[in-house]
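The values are calculated or read from the model by the stated rules, or taken from the named source; none is laboratory data. Small disclaimer: the values here were computed from a predicted structure and weren't measured. Every residue, glycine as well, gets a Cβ built from its backbone with ideal geometry; the counts of neighbours run over all protein chains shown.
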Amino acid sequence: MNTEITLRTSNSTRPVLDLLVPEFERSTGHKVTLILDTAKNSLARIRAGERADAAVLLGTSVDELTAMGVLDKKSTQPFARSTIGIGVLKGAPKPDISTVEAFKRTLLDAKSIAHTVHGPSGAYFPGLIERLGIADQVKPKTVTRPGGYIGVVVIAGEAEMAFQQICELLAVPGIEVVGPIPKEIQDNFDSKAAIFAESKNQAAARELLAFLARREHAAKFTAAGLEQLAA
């Protein structure tokens, strides 16, 4: 029987789901509807009582929701790992971010840097520039948005560069990824998939999670700027 499955997720995992979900729908006949929001808002909405059939969210959020009994702990599986990078307008000079010192100099020399407020990478940025000792110089040059793909701010000419998860930078046509920030200051974000305990479509949701975990999809994760994590 064909089933409509609702899947809650955030902007960082949307690009790979956009590649995988149509293939799943063709092969099973099921329909998948994505419910999208920022990572922070997704968690808040679920805490407030909103539900779906399955979720692909930050691992910390999934852990919290399984502890609450909202997500079925037995269904939980690793999904992907994402890293933070810098993006610029395609064709623009690529700044040097190869070392921590080079990265600091790039931020100090930049005219403006865009980041989100509610996304994991955006929330990481203020503390990072504090630790690097450049907050006073860099903060006045930041351009922020609550959430979404911050690369659009660079495309609009409102910022020189964007600081966000690489998977989200790649999702914006016209943005070129300079590379990941140095490993010494990098922060990885691991996501997990799970099924809602109250889902009325448990069997179809299990089919979806099993499909997403197939190792032959690794190249699609890479193309979306993510590393597939083994289930």
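Here are some notes:
- Between A159, A171, the distinction of being touching a residue at least 60 places away in the same chain (Cβ under 8 Å), farther than 12 Å from G85 by Cα and of a type in the set (A, V, I, L, M, F, W, C) belongs to A171 only.
- For the stretch 96-109, the set of residues classified as buried (at least 19 other Cβ atoms within 10 Å of the Cβ) and either under 15 Å from V153 (Cβ atoms) or under 23 Å from the mean Cα position of the chain (by Cα) (or both) consists of I97, F103, L107, listed by residue number.
- Qualifying residue in the stretch 181-188 (condition: touching a residue at least 40 places away in the same chain (Cβ under 8 Å) and outside any loop (DSSP other than H, G, I, E, B)): yes
- I150 vs. criteria modelled with pLDDT of 95 or more, within 13 Å of L169 (Cα to Cα) and under 18 Å from the mean Cα position of the chain (by Cα): yes
- Flag if E130 is more than 26 Å from E227 (Cα to Cα) and in a helix (DSSP H, G or I): yes
- With respect to the conditions (1) farther than 26 Å from E227 by Cβ; (2) free of Cβ contacts under 8 Å to residues at least 60 places away in the same chain, R51 falls short on a single one, namely (2).
- In this structure, G148 does not qualify as in a helix (DSSP H, G or I), outside the structural domain of A48 (by TED's automatic domain parsing) and within 27 Å of A55 (Cβ to Cβ).
- Selected residue (only one of L169, L226 is in contact with a strand residue (DSSP E or B) (Cβ under 7 Å, 6 or more places away or on another chain), surrounded by 22 or more Cβ atoms within 10 Å (Cβ to Cβ), closer than 30 Å to H30 by Cβ and of a type outside the set (G, A, S)): L226
- Counting only residues that are surrounded by fewer than 19 Cβ atoms within 10 Å (Cβ to Cβ) and either farther than 11 Å from A114 by Cβ or not assigned by TED's automatic domain parsing to the domain that holds T106 (or both), the stretch 126-145 holds 12 of them.
Conditions (1) closer than 21 Å to L107 by Cβ; (2) in contact with a strand residue (DSSP E or B) (Cβ under 7 Å, 6 or more places away or on another chain), marked per residue:
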residue: M161; (1), (2): yes, yes
residue: Q165; (1), (2): yes, yes
residue: I175; (1), (2): yes, yes
residue: V178; (1), (2): yes, yes
residue: P182; (1), (2): yes, no
residue: D187; (1), (2): yes, yes
residue: S191; (1), (2): no, yes
residue: N201; (1), (2): no, yes
residue: A213; (1), (2): no, yes
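- Taking the stretch 182-196 as the range and being more than 11 Å from D53 (Cβ to Cβ) and either buried (at least 22 other Cβ atoms within 10 Å of the Cβ) or more than 19 Å from the chain's Cα centre (by Cα) (or both) as the test, the residues that pass are E184, F189, S191, K192, A193.
- Listing of strands (runs of 3 or more DSSP E) fully contained in the stretch 1-86 that carry 1 or more residues being modelled with pLDDT of 95 or more and exposed (fewer than 15 other Cβ atoms within 10 Å of the Cβ): 4-10, 31-37
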